[in-house]
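Right, one structure below, let's go through it.
Here, each number is a calculation from the coordinates, and none is a lab measurement. Note that the structure is predicted; figures quoted are calculated from it, not measured. Virtual Cβ from ideal backbone geometry, glycine too; neighbours counted across all protein chains shown.
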Amino acid sequence: MQELIVRAKELLASGQVARVLGWKKGEHSYDPEVAFFNDAESLQDFVYDGFCGANLSKYMIEASKLEGKTLVFLKPCDSYSFVQLMKEHRVDREKAYIIGVGCWGKLDVRKLGAEGILDVEIAGDVLKVSSLYGDSEVAYKDAMLERCHVCKGKEHKVFDETLLESADTVDLDRFAEVERIEAMSPEEKFAYFQSELSKCIRCNACRNVCPACSCRKCVFDSTAFNSEQKANTTSFEEKMFHIIRAFHVAGRCTDCGECSRVCPQGIPLHLFNRKFIKDINRLYGEYQAGADLEEKAPLTSFQTDDAEPGADRR
Amino acid sequence: MPVTENWKPTIVAFCCNWCSYAGADLAGSSRLAYPADVKIIKVPCSCRVNPMFILRAFEKGADGVILCGCHPGDCHYSTGNYYARRRMTLLFSMLDYLGVEDGRTRVEWVSAAEGVKFSETMNSFVEKVRALGPNVRLGDLRCKN
């Protein structure tokens, strides 16, 4: 972590960057927040540890409009989102100085198995949790976010320089859960999603955090959207929110897993996106959004001999 | 909803203006029968069908939704139906994933000369949806029952 701060201070001092986009100490040790740092002094609050799961790519949309360059720290998976945003002309590469930071898996507070957590000390492979109800220890690996168990790889897709070493974290099949649901009967499938989605409180956190959900105008916001299919004039929007959102990001979702990370209700929202990704890979060839700038997106291109809808399920 | 002998499914058919709607016309003028349960909505092109249209139809109580367009390669706008095909493939697969049976969704390519195909398609689709019974899922994806 210190080397990140040292490097950030150097770049600020040399005038190469006007500000730093990173993570700042939160109220507790386990809730750092995204922050801009405008001077060397404010960097004393900078942190980078296992709890810094937040993807900073989306914040670069606003930062691209500011004067001067912004130093941004991107983890390997965040760099996919950044490339995807470049592809969609939402971020300005010239306005970003990207330091690719190593990643060894990020943590999910919910997996610590404790309530009333006061402090978490990351001691190598072990997390020492102290809560109102006593102390406990959890293995780092057991508290990792689901997305880290199915990591896309530790290679940065875009960077100016890299710092810190990554460690491999993959130990699960990315599509295993999707396949498990696919094998269910229609009744079971619906029962499963009914129980999960009934928890939704429509806080919109999943949309707000999603790098792909960065349209200037969102169907879920404007009552004057000026199109007949506007989703938000009736309860239709409420009811179909998740499927509409998943479809809007289909083919653009990099599977960064932020939606599931921020959901206050713990709904596995990535299962929608991953279903689309699985189908796209199977039907239209392997495609990873954000892997490169040139490849055509699956939903804005076609082949004359594409599969017919439902042909493989009849 | 109790399923009775007389239960009739509500079917929404999106038909493109240039091929399938004309195909439906031909079916009519050729006096070919297809069930009156099919409500046709004319769209300029199959590509005009936003996935939300399909969801909205289900939300409003449709038991089955079918999309008809020009044969691939014959689109009036050259390539519209190719895009529609990808979108619907993904959407219908997603609906299947959520528990809406496969038989309730279909895409069929019907040209302006295929009145017979239009009538046969509608007959077989309605039959299939009737066998599945009323759609009880997807009225509300956030799932109040």
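The table for this structure:
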| quantity | calculated |
| --- | --- |
| Student exercise, the range A:173-308 dipole from Lys, Arg, Asp, Glu Cβ charges, in Debye to nearest 20 | 640 debye |
| Chain A: Cys lacking any partner C-beta under 4.7 angstrom | A:CYS52, A:CYS77, A:CYS103, A:CYS148, A:CYS151, A:CYS200, A:CYS203, A:CYS215, A:CYS218, A:CYS253, A:CYS256, A:CYS263 |
| Global geometry of chain B, whether rounded, prolate or oblate, following the gyration tensor of its Cα atoms and the 1.5 cut on a/c | oblate |
| Volume per residue that the Cα convex hull of chain A spans, once the total is divided by residue count, Å³ | 162 Å³ |
| For B:MET88, A:MET184, order by how many other beta-carbon atoms lie within 10 Å, fewest first | A:MET184, B:MET88 |
| For chain A, the longest site-free run once GluC sites (Glu not before Pro) in DSSP loop states with at most 10 other Cβ atoms within 10 Å are removed | A:166-227 |
